[in-house]
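Let me begin by presenting the structure, written as structure tokens, before commenting on it.
The values are calculated or read from the model by the stated rules, or taken from the named source; none is laboratory data. If you're wondering where the values come from, they're calculated on a predicted model, not measured in any experiment. Here the Cβ positions follow ideal geometry from the backbone for every residue, glycine too, while neighbour counts run over all protein chains shown. Protein only, heavy atoms only, side chains kept; ligands, DNA and RNA dropped before computing areas. Shrake-Rupley method; radii C 1.70, N 1.55, O 1.52, S 1.80 Å.
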Protein chains: 2
Amino acid sequence: MTDIAPILAGDVRAAARLMRDLDDRRPDALAALKALFPHTGRAYIVGITGNPGAGKSTVVDALIAHYRAAGDRVGVVAVDPTSPFSGGAILGDRIRMQRHALDPGVFIRSLATRGYLGGLSRSTFDVASVLDAMGYQRVLIETVGVGQDEVDVMRAAHTTVVVTVPGLGDDIQALKAGLLEVADVLVVNKADREGADRAERDLMQMLDLRTGERDGSNAARSDVTIVRTIATRGTAEGSGITDLAAAIEAHRARAWTGEGATARAKARAVAQLTELVRALLADRAARALAARGGLAEIAGDIVARRRDPWSIAEELLASM
Amino acid sequence: MTDIAPILAGDVRAAARLMRDLDDRRPDALAALKALFPHTGRAYIVGITGNPGAGKSTVVDALIAHYRAAGDRVGVVAVDPTSPFSGGAILGDRIRMQRHALDPGVFIRSLATRGYLGGLSRSTFDVASVLDAMGYQRVLIETVGVGQDEVDVMRAAHTTVVVTVPGLGDDIQALKAGLLEVADVLVVNKADREGADRAERDLMQMLDLRTGERDGSNAARSDVTIVRTIATRGTAEGSGITDLAAAIEAHRARAWTGEGATARAKARAVAQLTELVRALLADRAARALAARGGLAEIAGDIVARRRDPWSIAEELLASM
């Protein structure tokens with residue numbers, strides 16, 4: 001059994017080891033997670049997503065600097081899709097944040113989506129829980145891309161920030177990408193670029209369209225705040241970052257105190273539970289397929305159109 | 001039992017009805033899909049994905065015009081993430097393609113990802129199979145966004161085209177978004193924009209980096225063709241569309257004829273089977289959770305930290 005005392009005391013190495021063990025789906029790691037659970041619930045979790053190229057990582061970086069300046073410890077879960085470059089570690093934004101690597105008040109964990117078999121949300125929940133139990137007051141979840149996976153991941157957050165930029169081709173694309181669906185705070189980053197006014201106007205128009213279209217459990221879209229930023233690496237002084245932090249706090253006060261808070265917390269728990277069940281089922285499917293010999297033969301039957309894949313899948317499922 | 005004869009004869013209304021029934025997971029629709037399966041395998045399926053704002057739909061539109069001019073019938077599966085705007089039908093790119101609505105040689109089907117519970121790939125396979133059985137020589141699958149879901153969807157394609165544009169913020173973002181992973185043909189669209197040379201150079205550099213890093217089953221990255229386009233709605237005369245079509249045919253000849261073709265087809269069948277099993281399991285999970293009363297009570301226990309979600313998920317799974 002993994003000793004959870006060092007993790008509760010904030011020991012970074014013990015936490016990193018636990019996260020690795022969780023990746024490997026080790027049963028004792030899961031037991032540790034369960035034991036840590038009563039110590040969670042104190043961190044405020046902010047999800048940050050948006051179009052590729054919108055400068056999410058720079059915004060995350062500036063937010064880290066802001067929270068550090070305010071004395072909060074910050075944990076970051078960075079979700080990188082697919083790349084075999086071990087989560088973008090050799091190139092790109094991770095490098096920009098490594099400036100914080102020497103700050104013991106900041107812990108950054110990258111998750112590659114590859115190999116998670118649909119369990120990305122689960123892994124995000126897991127890592128966020130560990131960071132929460134370690135006592136980080138702020139946990140930032142950064143996702144790249146805007147697929148359904150990312151939307152699911154955002155369900156783990158208390159406040160979701162969607163970062164966009166002016167002039168990203170047709171502005172209507174932002175709508176299509178389902179971004180508005182998950183946004184509590186909208187950021188127009190690189191606001192010194194041409195087209196910032198238009199981008200903000202388009203976003204407001206879309207928010208108006210959306211009002212009343214969401215399911216009843218959610219607030220009206222007019223609750224969404226739009227903030228302009230010109231985020232600069234390594235400093236919270238970047239124009240608009242204080243406004244962004246304030247918008248996050250305002251959403252926190254609106255959403256997570258008072259009447260609606262309990263219902264919201266329960267909805268979040270149900271979402272997490274659903275994700276966990278799905279992830280466990282996916283594990284089971286992967287194991288069943290791996291254990292099943294003769295997959296190559298089955299594939300040959302499908303290719304030759306001798307048997308159809310739907311019937312085979314049903315058979316496999318019946319045997320699970 | 002759904003009569004499949006009209007569908008095999010290309011009846012659009014019968015096909016649309018079947019697709020709706022498949023959405024509703026009606027057992028007789030699944031039976032029809034199984035019955036259609038021996039009649040599939042003739043369509044050539046091209047997946048088209050890329051960054052939001054890259055102009056994918058315009059490229060798809062121009063490709064439709066190209067294939068129509070060549071006398072081929074074209075089916076399109078457009079995968080829109082999340083939006084409750086019924087698959088982007090009231091705004092955006094779908095409208096651009098509706099010009100083809102009066103052409104009986106073109107059939108466009110939109111899929112919203114919302115509500116598919118991780119079964120998006122399954123639905124894409126299903127619809128592509130119906131279009132294949134209907135006798136469309138070309139099936140185009142367009143996905144928006146670049147999450148893991150979209151990568152999974154692309155496994156249904158014979159050739160995958162990734163569309164990008166010059167000047168999309170940090171070019172390195174394209175790498176992070178996992179785009180290169182799935183590309184057989186890379187398109188630099190809007191190639192009349194500033195930065196097209198740099199975009200192409202960056203892509204080539206990344207392709208060089210990637211060579212040899214992929215798992216053995218895949219061709220070296222140097223097999224990827226880069227094409228520049230300036231796609232124009234409603235015409236195949238847009239600069240570069242003929243080159244794009246030629247690059248697709250070249251990949252088809254390389255990948256799907258000769259020695260490697262059978263292994264590739266089997267790998268595709270295994271991927272499809274895995275997706276189907278996952279989707280069926282997700283259905284099972286959704287049913288089990290819906291059937292389970294007292295979810296609100298369980299959620300209350302989680303919120304109060306009386307019970308942890310991992311243990312509850314395991315219990316639920318054990319009862320399935």
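Here are a few things to note about the model shown:
- Set B:Lys34/B:Lys56; B:Lys34/B:Lys266; B:Lys190/B:Lys266; A:Lys190/B:Lys190; A:Lys56/A:Lys266; A:Lys190/B:Lys56 screened for pairs whose C-alpha atoms are more than 26 Å apart: B:Lys34/B:Lys56; B:Lys190/B:Lys266; A:Lys56/A:Lys266
- Around the amide H of B:Ser110, modelled in the peptide plane, lie the amide H atoms of B:Ala78, all under 5 Å away and 5 or more residues distant in sequence or on another chain.
- Label distances, nm, B:Glu315 versus same residue in remaining copies, Cβ-directed 7 Å point: 3.7
- For the stretch A:37-47, the Karplus equation 6.51 cos²θ - 1.76 cosθ + 1.60, evaluated at θ = phi - 60°, returns couplings of 3, x, 8, 9, x, 9, 6, 9, 9, 10, x Hz by residue, with Gly and Pro reported as x.
- Gap separating the Cα centres of the stretch A:2-32 and the stretch A:251-320, nearest whole Å: 25
- In sequence order, the stretch A:3-14 has phi-based couplings of 7, 8, 4, x, 5, 4, 7, x, 5, 5, 5, 4 Hz under the Karplus curve 6.51 cos²θ - 1.76 cosθ + 1.60, θ = phi - 60°, and Gly or Pro positions carry x.
- Label points for A:Arg25 are taken 7 Å from Cα along Cα→Cβ. From this copy to the others they lie 2.3 nm apart, shortest first.
- Peptide A:296-307 is shielded by partner chain Cβ atoms: per residue, an average of 5 of them sit within 10 Å of its Cβ.
- Surrounding net charge for B:Arg13, when Lys and Arg each add one and Asp and Glu each subtract one, Cβ distance under 15 Å: 0
- Between B:Val163 and B:Thr49, B:Gly50, B:Asn51, B:Val187, the built amide H atoms are under 5 Å apart, and every one of these is 5 or more places off in sequence or on another chain.
- Residues with amide H under 5 Å from that of B:Arg228, placed H, sequence gap 5 or more: B:Val188
- Heavy-atom accessible surface that A and B bury in contact, both chains counted, 1.4 Å, Å² to 100: 8000
- 7 Å along Cα→Cβ, label-point gaps from B:Gly300 to other copies, nm, shortest first: 5.9
- Cβ-defined net charge surrounding A:Ile45, 11 Å radius [Lys, Arg +1; Asp, Glu -1]: +4
- A simple rule links phi to the HN-Hα coupling: the Karplus curve 6.51 cos²θ - 1.76 cosθ + 1.60 with θ = phi - 60°, which for the stretch A:280-294 gives 5, 5, 5, 4, 4, 4, 4, 5, 4, 5, 5, 6, 6, x, x Hz, with x for Gly and Pro.
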